[in-house]
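Enquirer: Below are the structure tokens for one structure; questions will follow.
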Amino acid sequence: MLARTLSATLVGIDAHTVEVEVDITSKGLPHFSTVGLPDAAVKESKDRVKAALKNTGFNFPLKQITVNLAPADIKKEGSSFDLPIALGIVMAEGIISPDASQGYLISGELSLDGKIKPIKGALSMALKTRDSNHKGLILPQQNAEEAAVVEGIDVYGFEALPELIEFLRGMNNRVPAAIDIASVMKENSVYHDDFADVKGQEHVKRALEVAAAGNHNLLMIGSPGSGKTMLARRLASILPEITFEEALQTTRIHSSVGLLNSGQALIATRPFRSPHHTLSDVAMVGGGQFPRPGEVSLAHNGVLFLDELPEFKRNVLEVLRQPLEDGHVTICRALSSITYPASIMLVCAMNPCPCGYLGDSKHQCVCSPSQIHRYRQRVSGPLLDRIDIHVEVPAVPYKDLSDDHCGEPSASIRQRIQTARHGQLERFRKDNIYSNAKMRSRHIKKYCRPDRNGQSILETAMQKLGLSARAYTRILKVSRTIADIEGADRISSDHIAEAIQYRTLDRGLS
């Protein structure tokens, strides 16, 4: 007898519908085969399904069983086909009506005792269920809240195979999972790091505020222990509040690689990723035999922090150039091409020299000029071209460290940044960009015109400091953001002067 159920497989972060066909015949010797381009985990499902059915009181038929996963030209991977295969066998044996699962997308991994384990990519499967106009989604209980954020479909979560079989036989009235999206967003939007904890470093906090207001990439240069990492970890807390659509995008990416906590419905904070400098280029942008999102995609809608920037391999830094420019990563293979979103704010930190103490008032630098030059040359010019703000981070004096006064909290800084971002959205609503950092030449010419004093200061800086053409463009972009924070329509000399201070590497380090 032939039975059919619907399931889904992930290709990148997108779910594709898979029809699971189970054919059972008594002719010939007992045999179980799976076709349709399955990987090793899918082929092993026969043993999990056999044990799960036996240990929950159902007979596993000693017949010829053929499972087809259609369409056959898409690679199937993972253990999420256990549940639809088990249901197909039960239907083919006549225990459940063949129409019982019609209209449902079914996915789940089975343990040997019949428990249903959580899967990856439940949110993507829920979106696919809605877009394909299916009736509902059946999946593990631990994934139910994650999938329930998608409105317009019925989501049923089950903990064990017998419960699901009873439901499909009409023996229990299971209520679809439901969540209050507003309360979930509120509960999960708490940042554990706050700018109120930062002692001193007022000019660095100002640079971070400017960077966040215009979505500018940032480089911090300072001695070990000056607080670069601590400041970077708090940057996400002052970025504009994440929207529901952004939360969906971020959650989909993290769900596809299994990074969601058990029972977590949404990621409602800006992600902060800080990979170690020993990672590979594939780990950075994604890829592999079965392509997975990399760190740059896991930081989508948030912050990617690269500590000890010159220690990263050159090829790892070079692969960042395309996602920083385009906001996405495209992984090409012989038979397919997968695109991952990668709209990030890049924040980097580095020492001023190999020993780390160039310019430090309490420690003597032991590096030669040639060593310092080679150290800085590890970071390529094309990558530095994409970093708008360079700021020095000096060591914090004891007076500031011992001060009991709390700094300005992240919430009040975020309010100013959201106001500045709103003005940018209004300004660029017809240009398909959302922040000052994304401005092209025509936008700079139109929106970044300094007043007469500002032009004079900029001209003097170009001549005296020997600033390059790219530094000129970055100064105009950053000065536009500073003006937006202050609510000014025109860029003034004060805005230009502050923006010039944020070009440390162009001016040279003392």
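Enquirer: Would you grab the residues whose amide H sits under 5 Å from the one on residue 226? Only those 5+ places off in sequence or on another chain, please, with H modelled 1.01 Å from N.
Expert: For residue 226, whose amide H was placed from the backbone, there are no distant partners under 5 Å.
Enquirer: Residues with amide H under 5 Å of residue 34's amide H, sequence separation 5 or more or different chain, H placed in the peptide plane at 1.01 Å from N; which?
Expert: Counting only residues 5 or more places away or on other chains, the set is 67.
Enquirer: Let me ask something additional. Mind checking the dipole of segment 1-96: about its Cα centre, +1 per Lys or Arg Cβ, -1 per Asp or Glu Cβ, Debye to the nearest 20?
Expert: That gives segment 1-96 a dipole magnitude of about 360 debye.
Enquirer: To continue, here is another question. What does the net charge come to around residue 15 if you take all other residues with beta carbon closer than 10 Å to its beta carbon, with K and R at +1 and D and E at -1?
Expert: With Lys, Arg at +1 and Asp, Glu at -1, the net is 0.
Enquirer: For segment 286-403, with only Lys/Arg (+1) and Asp/Glu (-1) charged at the beta-carbon, what is the dipole magnitude about the Cα centre, in debye rounded to 20?
Expert: About 440 debye.
Enquirer: Among all the lysines, which ones have a C-alpha under 21 Å from residue 46's C-alpha, if same-chain residues fewer than 8 places away are not counted?
Expert: Here the lysines satisfying the reach criterion relative to residue 46 are 27, 54, 63, 75, 76, 115, 117, 120.
Enquirer: So what's Rg/Rh here for segment 351-510, counting alpha carbon atoms and using the Kirkwood radius for Rh?
Expert: 1.02
Enquirer: Net charge near residue 98, counting Lys/Arg +1 and Asp/Glu -1 over other residues with Cβ under 15 Å of its Cβ?
Expert: Around residue 98, the charge tally is -3.
Enquirer: From the backbone phi of segment 109-114, what are the Karplus-calculated ³J(HN,Hα) couplings (6.51 cos²θ - 1.76 cosθ + 1.60, θ = phi - 60°) in whole Hz, Gly and Pro given as x?
Expert: Coupling constants for segment 109-114: 9, 9, 8, 5, 9, x Hz.
Enquirer: Against the 2.2 N^0.38 Å scaling, with N counting residues, where does segment 111-231 land? I'd like the Cα-based Rg ratio to two decimal places.
Expert: 1.68
Enquirer: Under a 1.4 angstrom probe, counting protein chains only, how are 163, 209 ranked by accessible area, largest first?
Expert: Descending order: 163, 209.
Enquirer: As an exercise, identify the trypsin sites (Lys or Arg not before Pro) in segment 436-500 lying in DSSP coil whose Cβ has no more than 16 other Cβ atoms within 10 Å.
Expert: Counting only loop positions with at most 16 other Cβ atoms within 10 Å, the trypsin sites (Lys or Arg not before Pro) in segment 436-500 are 440, 490.
Enquirer: Once you list every other residue whose beta carbon is under 12 Å from the beta carbon of residue 4, what net charge do they have if Lys and Arg are +1 and Asp and Glu are -1?
Expert: Net charge in that neighbourhood comes out at -4.
Enquirer: Per the 1.4 Å probe, what fraction of the accessible area of the chain, in percent, lies on carbon and sulfur atoms?
Expert: 48 percent
Enquirer: If eta is 1.567 mPa s and T is 4 °C, what Stokes-Einstein diffusion coefficient results for segment 221-271, Kirkwood Rh from Cα pairs, in µm²/s?
Expert: 101 µm²/s
Enquirer: Using θ = phi - 60° and the Karplus form 6.51 cos²θ - 1.76 cosθ + 1.60, what ³J(HN,Hα) does each residue of segment 194-203 get, whole Hz, x for Gly and Pro?
Expert: 9, 5, 5, 7, 7, 9, x, 6, 4, 5
Enquirer: Per residue of the chain, what 222 nm ellipticity follows from adding -39500 (n - 2.57) for every DSSP H run with n ≥ 4, rounded to the nearest 500?
Expert: -10500 deg cm²/dmol, from helical runs alone.
Enquirer: How big is the charge dipole of the chain about its Cα centre, in debye rounded to the nearest 20, if each Lys and Arg gets +1 on its Cβ and each Asp and Glu gets -1 on its Cβ?
Expert: I would put it at about 1480 debye.
The values are calculated or read from the model by the stated rules, or taken from the named source; none is laboratory data. Computed from a prediction, not measured in an experiment: that's the story for all the values here. Cβ coordinates were reconstructed from backbone atoms using ideal geometry, including for glycine residues, and neighbour counts include every protein chain displayed. These accessible areas exclude ligands, DNA and RNA; they are computed on the full protein's heavy atoms, side chains included. Shrake-Rupley method; radii C 1.70, N 1.55, O 1.52, S 1.80 Å.
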